[in-house]
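Asker: Take this structure first; my questions come after.
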Amino acid sequence: MKHKIRKIVLDAAQKGFENGVLPSSQIPEMEIEEPRISSHGDFSTNFAMVSAGIQKMPPRKIAQTMVQLIETLGKTSEETASLIEKVEIAGPGFINFFLSKEAWHPVVDRILEQDKKYGASDMGKNEKVQVEFVSANPTGPLHVGHGRGAAVGDSVGNILGFAGFDVQKEYYINDSGRQIRTLGTSVWLRLLQKSGKEIEFPDDCYKGDYIKELACEILEKEGKGFVQGDEKEAIALCAKFAAKKILKGIKEDLSSFGVTFDQWFSEQSLYDSGRVQKAIDDFTSKDLIYKEDGALWFRTQDFGDEKNRVVVRNNGLTTYFASDIAYHMEKYDRGFDKVIDVWGADHHGYIKRIDASVVAQGKKSSQFEVILVQLVNLLRGGKPFQMSTRAGEFVTLKDIVDEVGKDAARFMFLSRSYDSGLDFDLELAKQKNSNNPVYYVQYVHARITGILLKAKQENIIQSIDFNKGKNLNLLTTVEEINLIKILDTFKANVEKSAQTLHPHIIFTYLMTLASAFHGYYNKHKVITENRRQTLARLSLVLGVKKVIRNGLALLGVNAPERM
RNA sequence: GCGCCUGUAGCUCAGCUGGAUAGAGCAACGGACUUCUAAUCCGUAGGUCGCAGGUUCGAAUCCUGCCAGGCGUACCA
């Protein structure tokens, strides 16, 4: 609807220039906005104010001229005439448009026709985008923080896909390097303890109970003789076994959280294929890497980092940064126009150096973006939930999904901007009332399904799903027009969400739509004695149902038929 | 010290590519089920948009400087 209004303004301005009532044909940046206050119309533009300088006329004078031009336009264009009820000038020079009720009715038809595609956009122009998220080390189960990252990454991927991007979701497995060796050692030591050896468990090893369980499993599988074997070999075996097992658990936990990946990418494969070495050689030949104090340094400082960073330590081992460089090179080689990494906020110090490596290989800084997800504060009944990472006790993602459910958890994670820290209250997420936003929105879907089922039972409609609106001109109450207006903005919200990479925009939108629907539901009956009006209202609520479903799908939340 | 994020109602937060009287939920108080699901709705009350300057016809929104909180500042991952 907004772009229709914009077109009318542009046409009018053009006409004004041709007629000589406006001295300039230049069109400045202007806004078409939806005023908060209904007395300011359905749409409003600041055209007159921002044109004052160009036209060398006072804003209100321009506005007056424009109103006349738009009225003239209405006389020649039937579409414009049927769209606009009246145009007013207000305040310092706002031009306010009041639309006719009929102008809104086609929106319902569009929703029913487009169904699951309603709200989709071609804004991404099929551009190839990769979203990499979670990528937790396979050294332990996923915890709450990973959950938020998973929800955000998955959702951003969905939203970008819906907005016309060609999206691939990827998980990077850190299956190489020190922490995997530490994992192996941890399991090995627990295993030795199990078999009766007195060993002090080091502080820098993983302490969770899952390590002990893994040790038991290996012991059972390999038999008692295993502890007598070569230690180095045994640790390597432990590491491999544990990492594989843990990764399997991670996959399961993510899957029950509704998150699936298009690709799981192994860090080790970058070493095996020689890509890490190739990246180092490549940068060295371009003098981007130099040797100092026995280590190899990448000149990230030349790209705005605070200091240069080590890629190969003086003991000959590569740092994670080295494989990260190779990994990001590999991503672009796969043809992605844009690469998005979702990281926990505690990693923000890494942005500059990865960005440096991206720019150093000739990509634009805008082709790489990091979504920094702020930390989660876990609460229970309003009280902070202390987690002792040192003792290896923490609340896992699985615990949360088991306790509050996938939908509630995901909705909660996506309810706020990831720029802000998030309080996640387990008690609150479990409540099945208005304290818990997920039910508020899902309830709309269930309620509407109930209405449609009843209408079908009473033979008012043949099927609870149809793709053409009926008697839409009978939708005339303020609540109905208001609902349609909200439905109309869905696509704009999807686009904004895709552009800013902020899923909570969809959350906020769904809450607004749900609130408008519940209000309507309590004020008006859908099924009434008036059959024609009933059909009109059924069309409208079916539209609401579809938009709720589409929106929830973007967040990875189910839309239940019944609750 | 430096970097990133945050500061809006008692609480949790939207709004931040500048617009006309700053919103929602929770909590508080008062109402609405003989009805298509009350997991809902309606009403009342509640704000120096951290502080101070600046840009602008117009600033919660942009700029600068402070103040406060979180996180980070390794040849760790």
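Asker: Give me the pairs, please: first residue somewhere in region A:431-451 and free of Cβ contacts under 8 Å to residues at least 12 places away in the same chain, second residue anywhere and more than 7 Å from RNA strand B (Cβ to nearest atom) and not small (G, A, S), beta-carbon distance under 8 Å, and either six or more positions apart or on two chains.
Answerer: A:N435/A:L428
Asker: Another one. Taking region A:451-462 as the search range and keeping residues that are assigned to a helix (DSSP H, G or I) and within 16 Å of A:G543 (Cβ to Cβ), which one is farthest from the chain's Cα centre (by Cα)? Explain how you work it out, then say what you get.
Answerer: First pass over region A:451-462, keeping only residues assigned to a helix (DSSP H, G or I): A:451-457.
Now narrow it down to the ones that are within 16 Å of A:G543 (Cβ to Cβ): A:451-452, A:455.
Values: A:I451: 31, A:L452: 31, A:A455: 36 Å.
Restricting to residues being assigned to a helix (DSSP H, G or I) and within 16 Å of A:G543 (Cβ to Cβ), the top hit is A:A455.
Asker: To continue, here is another question. A:I486 fails exactly one of the following numbered conditions: (1) under 21 Å from the mean Cα position of the chain (by Cα); (2) near RNA strand B (Cβ under 10 Å from one of its atoms). What is the number of that condition?
Answerer: All conditions are met except number (2).
Asker: How about region A:463-563: which helices (runs of 4 or more DSSP H) wholly inside it have at least 3 residues that are surrounded by fewer than 23 Cβ atoms within 10 Å (Cβ to Cβ) and touching a strand residue (DSSP E or B) at 6+ places or on another chain (Cβ under 9 Å)? Write out each step before concluding.
Answerer: Values: elements: A:478-488, A:490-500, A:504-523, A:531-555.
Here the list is empty.
Asker: From the list A:A455, A:A446, which residue is crowded, with 19+ Cβ neighbours inside 10 Å and of a type in the set (G, A, S)?
Answerer: Numbers: A:A446 fails: crowded, with 19+ Cβ neighbours inside 10 Å.
Selected residue: A:A455, the only one of A:A455, A:A446 that is crowded, with 19+ Cβ neighbours inside 10 Å and of a type in the set (G, A, S).
Asker: Which strands (runs of 3 or more DSSP E) sit wholly inside region A:253-372 and have at least 2 residues that are within 13 Å of RNA strand B (Cβ to nearest atom) and aliphatic (A, V, I, L, M)? So that I can check it myself, show each step before the final result.
Answerer: On the way: elements: A:263-266, A:289-292, A:295-298, A:309-312, A:338-344.
Strands (runs of 3 or more DSSP E) meeting the threshold: A:295-298, A:309-312.
Asker: What's the number of the only condition in (1) part of a helix (DSSP H, G or I); (2) within 34 Å of the chain's Cα centre (by Cα) that A:K232 fails to meet?
Answerer: The single condition A:K232 does not satisfy is (2).
Asker: Here's a follow-up. Of all the residues that make up region A:283-313, how many are among the acidic types (D, E) and under 22 Å from A:I351 (Cβ atoms)? Walk me through it before giving the result.
Answerer: First, the residues of region A:283-313 that are among the acidic types (D, E): A:287, A:292-293, A:302, A:305-306.
Going one step further and asking which of them are under 22 Å from A:I351 (Cβ atoms), we end up with A:302, A:305-306.
Of the residues in region A:283-313, 3 are among the acidic types (D, E) and under 22 Å from A:I351 (Cβ atoms).
Asker: Next question, about the same structure. If you take the residues in region A:132-156 that are hydroxyl-bearing (S, T, Y) and assigned to a loop (DSSP other than H, G, I, E, B), which one is modelled with the lowest pLDDT? Please lay out each step first, then the result.
Answerer: The first filter runs over region A:132-156 and keeps only residues hydroxyl-bearing (S, T, Y), leaving A:135, A:139, A:155.
Now narrow it down to the ones that are assigned to a loop (DSSP other than H, G, I, E, B): A:135, A:139.
Numbers: A:S135: 93, A:T139: 88.
Filtering first and then ranking leaves A:T139.
Let's see how each residue does on (1) away from RNA strand B (no atom under 11 Å from the Cβ); (2) under 30 Å from A:K383 (Cα atoms); (3) modelled with pLDDT under 90:
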{"site": "A:E427", "(1), (2), (3)": "yes, yes, yes"}
{"site": "A:K432", "(1), (2), (3)": "no, yes, yes"}
{"site": "A:N435", "(1), (2), (3)": "no, yes, yes"}
{"site": "A:V444", "(1), (2), (3)": "no, no, no"}
{"site": "A:N459", "(1), (2), (3)": "yes, no, no"}
{"site": "A:Q462", "(1), (2), (3)": "yes, no, no"}
{"site": "A:N467", "(1), (2), (3)": "yes, no, no"}
{"site": "A:N473", "(1), (2), (3)": "yes, no, no"}
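The values are calculated or read from the model by the stated rules, or taken from the named source; none is laboratory data. The shown structure was predicted, so the numbers you read here are calculated from the model rather than taken from an experiment. Heads up, the Cβs are rebuilt from the backbone with ideal geometry, glycines too, and the neighbour counts pull from every protein chain shown.
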